[in-house]
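The values are calculated or read from the model by the stated rules, or taken from the named source; none is laboratory data. Everything numeric in this text was worked out from a predicted model, so none of it was measured. We place every Cβ from the backbone using ideal geometry, glycine too, and count neighbours over all the protein chains shown. Keep in mind that these areas ignore ligands, DNA and RNA; they rest on the heavy atoms of the full protein, side chains included. Shrake-Rupley method; radii C 1.70, N 1.55, O 1.52, S 1.80 Å.
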Amino acid sequence: MLIKYWEERITIFGEDKAFLPLNLSGALRDDEVGLSMGFITLSPERDSSGRAVLIVDQSKLERKNYTRNMMLRVVWYVVHAALQDEQVQRNGFIMLCTPRNAQFDQFDRKMESKITHSLREVLPVLWKGIHFCHAPGFYELIAPNAKYLLGRRMRARIRWHSGSFRAVLETLAEYGIKPSCIPTEFGGEWNVETGKWLEERRAKGL
């Protein structure tokens, strides 16, 4: 596992940055554009079971402004940020995919394949649940590929939520995911401020 981790890290970050600290002034120093998009964000609160909540929103992607490896580095950074919490190391992660405002051309299958490979095979992550919320109609064309990439074990943890914001919040609550973990954009209580989060981490040398 450790060998695979470092082989993948070298591939994604390059030999010049792979061994630098995984922080904003080190291995991520040239990835400000990708970091600031808000494609993947870490909720400031854990769910009721002490699990980290990651929000993935494809509508934040701007194809002309990023490379696939850049977004892979962003995913690695956010996951490592969550893993700094010992409780998360023990209790694992929940992922909320919120493609409500995404367009079809914002789904990059090659990038999704690379990200899923890292999450499944490389990073030391305990996945406890994957929740798709407010999926647009065309998602029926994408879902089979997404399920395939996730593999059998992660597929078994997928849950789908649709309806009004209130209805989705109520069904998420059944899985211990509180409104304070959900962005206000989707009816929750968390006012996502990616820029502020990055500034605070940069000030701490993270």
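Report yes if some residue within the range 145-162 is without any contact (Cβ under 8 Å) to a residue 24 or more places away in the chain, more than 24 Å from Tyr5 (Cβ to Cβ) and aliphatic (A, V, I, L, M); otherwise report no. Yes, the range 145-162 contains at least one residue that is without any contact (Cβ under 8 Å) to a residue 24 or more places away in the chain, more than 24 Å from Tyr5 (Cβ to Cβ) and aliphatic (A, V, I, L, M).
So which of Ile40, Ile12 ends up being without any contact (Cβ under 8 Å) to a residue 60 or more places away in the chain and surrounded by 13 or more Cβ atoms within 10 Å (Cβ to Cβ)? Steps first, answer last, please.
Working: Ile12 fails: without any contact (Cβ under 8 Å) to a residue 60 or more places away in the chain.
The conditions single out Ile40.
How about the range 53-67: which of its residues are of a type in the set (S, T, N, Q) and surrounded by 15 or more Cβ atoms within 10 Å (Cβ to Cβ)?
Applying the first criterion (of a type in the set (S, T, N, Q)) to the range 53-67 yields 58-59, 65, 67.
Within the range 53-67, Gln58, Ser59 qualify.
In summary, helices (runs of 4 or more DSSP H) completely within the range 42-121 and bearing 2 or more residues that are more than 23 Å from Tyr175 (Cβ to Cβ) occur at 68-83, 109-117.
To keep it simple, each residue is scored yes or no on (1) in a helix (DSSP H, G or I); (2) open to solvent by 20 Å² or more (accessible area, probe 1.4 Å); (3) out of contact with any helix residue (DSSP H, G or I) (no Cβ under 9 Å at 6 or more places or on another chain).
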position	(1), (2), (3)
Pro136	no, yes, no
Gly151	yes, no, no
Val168	yes, no, no
Gly188	no, no, no
Lys196	yes, yes, yes
Glu199	yes, yes, yes
Gly205	no, yes, yes
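Gly50 meets the conditions (1) open to solvent by 50 Å² or more (accessible area, probe 1.4 Å); (2) free of Cβ contacts under 8 Å to residues at least 60 places away in the same chain; (3) over 20 Å from His117 (Cα atoms) in every case but one. The failed one is (1). Scanning the range 1-41 for residues that are in a loop (DSSP other than H, G, I, E, B) and of a type in the set (S, T, N, Q) returns Asn23, Ser25.
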